[in-house]
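Undergrad: Mind looking over this structure? Questions follow.
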Amino acid sequence: MESLPIKKFVLETYGCQMNTADSELVEGILLKLGLEKTQDLHDADAIFLNTCAIRENAEVKVHSRLGNLHKIKRSKPHLIIGVLGCMAQNLKDDLLKNKPYVDIILGPDSYRNIPKLMSRHLTEKKSIVDTKLSRYEVYEDMFPSRGDTFNAWVSIMRGCDKFCSFCIVPFTRGRERSRSVDSVVTEVKKAVDQGFVEITLLGQNVNSYKHEKQSFADLLLAVSDIKGVRRIRYTSPHPQDINVELLEVMASRDNICNYVHFPMQSGSNELLKRMNRTYTREHFYYMAEKIREIMPNCGLSTDIIVGFPGETDAQFRETLDLMEKIKFNTAFTFKYSSRPYTRAEQFSDQISEQVKKDRLDEMLKLQRKHTLELNLDKVGNFEQVLIEKESKKSTNHWAGRTDSNEWVIVEKNHSKIKDIIPVEITEASGVILRAKEITGA
């Protein structure tokens, strides 16, 4: 690859944590080619956008960015522009037709081919597309290039077999397949050797992990046993695959965080069925109670969609009612966004944007109330906080998270990033807790 007339690259990431992990994988490939990473678009010989297709707004951002890159390419014809990831998989024909200046279009299962496709593009001087989905690719023998931070994203499985009626992921990332426990353990050990103290296991449905006869609970135990792993988190699970065995494993290990992301999507059985979520409101509530029974003081977050096609006001109220019953620590709430190829796109009873906005505003108000109530209950508690970064509002304070995933602001003292420090919670305001470090502990 020494003959490549490119020296520097820019890699921008849009979307979820899986895309962040994939970008680290791509960066490792490019660095291995001898290329240098830069943040300066005008200094780069190749610019790659790792894209997201989960919501329309994510695609709009990428289209806008590509327009800006086209202007740079006009004055720098040798510049390679690459679109990677889910949007490449979903919109390859549109990109070829309407953005012919895009040189490389790669789906999520094609990153191994980057070196040869770059060479081929430079030889043939035409757009190269590789968006074939694989039933086997898990990048098991490849190691990502991670920055100097506290957390290592570790992808343990790829794809999704759930086919929720609103979700494009099965069409952009293919069917589920899992890495071996041994390969995950090897990568985690390497991350620990590189100084990472928190491991986040990733998958589209991370808890549906299954390799040969080993389950996600088995994998969690294996990672927990690794010396130097101080915290383990995982995302994003599916409620159907949360079970008592998994919760008991989590409760049994101090380095597995006391936190579960538990995506509800709706509190209406009619809508859950229409969404193809494969669980009922009653089962979801039962498991939320079971989580807090087995894991006391567990942080619980969720995802909720408002304005799904056909959602009546009464069904929306059912969702608010279930929120009241469970009281999530945090909720990621979204207006329904129609996605191509999905069943929900074909429904005729779409909800107006104004109704979606009104419902989202009401839901956000309720969630802010719940978050503040739960945070106020923590005032006076003693917690362990992992220092993650400097506070955005004060150079004299750190920002970090508790074991149960609450953000905490604490005065710096002698602590540093990656330290886990004992604190006493002194104040709660909105989603933020304030604390004082317990020195001499």
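A short reminder: the numbers here are calculations on the coordinates, not readings from a lab. Small disclaimer: the values here were computed from a predicted structure and weren't measured. FYI the Cβ positions are ideal-geometry reconstructions off the backbone, even for glycines, and counts take in every protein chain you see.
Undergrad: Through the Karplus equation 6.51 cos²θ - 1.76 cosθ + 1.60, θ set to phi - 60°, convert the phi angles of the range 226-234 into ³J(HN,Hα) values in whole Hz; use x for Gly and Pro.
TA: 6, 5, x, 7, 8, 9, 10, 10, 8
Undergrad: Let me ask something additional. Which aspartates and glutamates, if any, have their Cα less than 19 Å from the Cα of residue 97, not counting same-chain residues under 8 positions apart?
TA: Once the sequence-local aspartates and glutamates are set aside, what remains near residue 97 is 59, 124, 130.
Undergrad: Further, regarding this structure: Cross-link list 378/418; 227/393; 210/378; 8/416; 37/61; 37/210: which exceed 25 angstrom alpha carbon to alpha carbon? Write out the running numbers ahead of the final one.
TA: Values: 378/418 23 Å; 227/393 35 Å; 210/378 37 Å; 8/416 32 Å; 37/61 22 Å; 37/210 36 Å.
Over 25 Å apart, Cα to Cα: 227/393; 210/378; 8/416; 37/210.
Undergrad: When the Karplus curve 6.51 cos²θ - 1.76 cosθ + 1.60 is applied with θ = phi - 60°, which whole-Hz ³J(HN,Hα) does each residue of the range 296-306 get, with x for Gly and Pro?
TA: x, 6, 5, x, 10, 10, 8, 10, 9, 9, 10
Undergrad: What ranking do 184-190, 283-289, 202-208, 39-45 get when scored by the average of other Cβ atoms within 10 Å per residue, highest first? Walk me through the numbers on the way to the answer.
TA: On the way: 184-190: 18.9, 283-289: 17.1, 202-208: 22.7, 39-45: 13.9.
Highest to lowest by the protection proxy: 202-208, 184-190, 283-289, 39-45.
Undergrad: In whole Hz, with x marking every Gly and Pro, tabulate ³J(HN,Hα) for the range 141-147 from phi via Karplus 6.51 cos²θ - 1.76 cosθ + 1.60, θ = phi - 60°.
TA: 9, 10, 10, x, 9, 9, x
Undergrad: So for each of 366-378, 77-89, 214-226 I average, over its residues, the number of other beta carbons within 10 Å; can you give me the resulting order with the highest mean first? Provide the component values of the computation, followed by the final result.
TA: On the way: 366-378: 16.2, 77-89: 22.5, 214-226: 18.7.
The packing order, highest mean first, is 77-89, 214-226, 366-378.
Undergrad: Among 384, 174, 399, which residue has its Cα positioned farthest towards the positive end of the charge dipole of the chain, with +1 placed on the Cβ of Lys and Arg, -1 on the Cβ of Asp and Glu, and the dipole taken about the Cα centre?
TA: Farthest along the dipole direction, towards plus: 174.
Undergrad: Starting from the amide H of residue 234, placed 1.01 Å from N in the peptide plane, find each other amide H under 5 Å away whose residue is 5 or more places distant or on another chain.
TA: Amide H to amide H, under 5 Å and 5 or more residues apart or across chains, residue 234 pairs with 201.
Undergrad: Hey, what angle do you get for helix 353-376 against the long axis of the chain, alpha-carbon based, 0 to 90 degrees rounded to 10?
TA: Relative to the chain, helix 353-376 is tipped by roughly 50 degrees.
Undergrad: Another question about this same structure. Could you calculate the FRET efficiency of residue 125 with residue 290 from 1/(1 + (r/R0)^6), where r is the beta carbon distance between them and R0 is 45 Å, rounded to 0.05? Display every interim value, and only then the final one.
TA: On the way: r = 60 Å, r/R0 = 1.32.
For R0 = 45 Å, the calculated efficiency reads 0.15.
Undergrad: On to the next question. For the range 402-441, run through the trypsin sites (Lys or Arg not before Pro) and keep only the ones in DSSP coil with at most 13 other Cβ atoms within 10 Å of their Cβ. All intermediate terms of the calculation are to be shown ahead of the outcome.
TA: Details: sites: 412, 416, 418, 434, 436; in loops: 412, 416, 418.
Within the range 402-441, the qualifying trypsin sites (Lys or Arg not before Pro) (loop, at most 13 other Cβ atoms within 10 Å) are 416.
Undergrad: Over what distance in Å are the Cα centres of the range 191-269 and the range 106-143 separated?
TA: 30 Å
Undergrad: Could I ask something else about it? In terms of modelled amide H atoms, which long-range or inter-chain residues lie less than 5 Å from the amide H of residue 303?
TA: 262, 264, 265, 332
Undergrad: At 222 nm, what value in deg cm²/dmol follows for the chain if DSSP H runs of at least 4 each add -39500 (n - 2.57) and the sum is divided by all its residues, to the nearest 500? Display every interim value, and only then the final one.
TA: Values: 12 runs with 154 residues, N = 441.
So the calculated ellipticity at 222 nm is -11000 deg cm²/dmol.
Undergrad: Can you give me the convex hull volume of the Cα atoms of the range 53-156, divided per residue and expressed in Å³?
TA: 148 Å³
Undergrad: Pairing rule first: another cysteine's C-beta must sit under 4.7 Å. Under that rule, which cysteines of the chain stay single?
TA: For the chain, the answer is 16, 52, 86, 160, 257, 298, because their Cβ atoms have no other cysteine Cβ under 4.7 Å.
Undergrad: For a quick check of your reading of the filter: which trypsin sites (Lys or Arg not before Pro) in the range 211-316 sit in a DSSP loop and have no more than 11 other Cβ atoms within 10 Å?
TA: On the way: sites: 213, 227, 230, 231, 233, 253, 273, 274, 277, 281, 290, 292; in loops: 213, 227, 230, 253, 277.
Taking the range 211-316 and a limit of 11 other Cβ atoms within 10 Å, the loop trypsin sites (Lys or Arg not before Pro) found are 213, 227.
Undergrad: Further question: Please list, in chain and number order, the residues 5+ apart from residue 84 or on another chain whose amide H is under 5 Å from its amide H, with Hs placed from the backbone.
TA: For residue 84, whose amide H was placed from the backbone, the distant partners under 5 Å are 49, 50, 51, 106.
Undergrad: Picking from 337, 215, 191, whose Cα lies most toward the positive end of the charge dipole for the chain (charges on Cβ: Lys, Arg +1; Asp, Glu -1)?
TA: Looking along the dipole axis, the top candidate is 337.
Undergrad: Show me the chymotrypsin sites (Phe, Trp or Tyr not before Pro) within the range 141-187 that DSSP assigns to loop and that have at most 15 other Cβ atoms within 10 Å of their Cβ.
TA: Details: sites: 150, 153, 163, 166, 171; in loops: 150, 163, 166.
Listed in order of number, the matching sites are 163.
Undergrad: Could you state the number of Å between the C-alpha centres of the range 1-54 and the range 60-88?
TA: The distance from the Cα centre of the range 60-88 to that of the range 1-54 comes to 13 Å.
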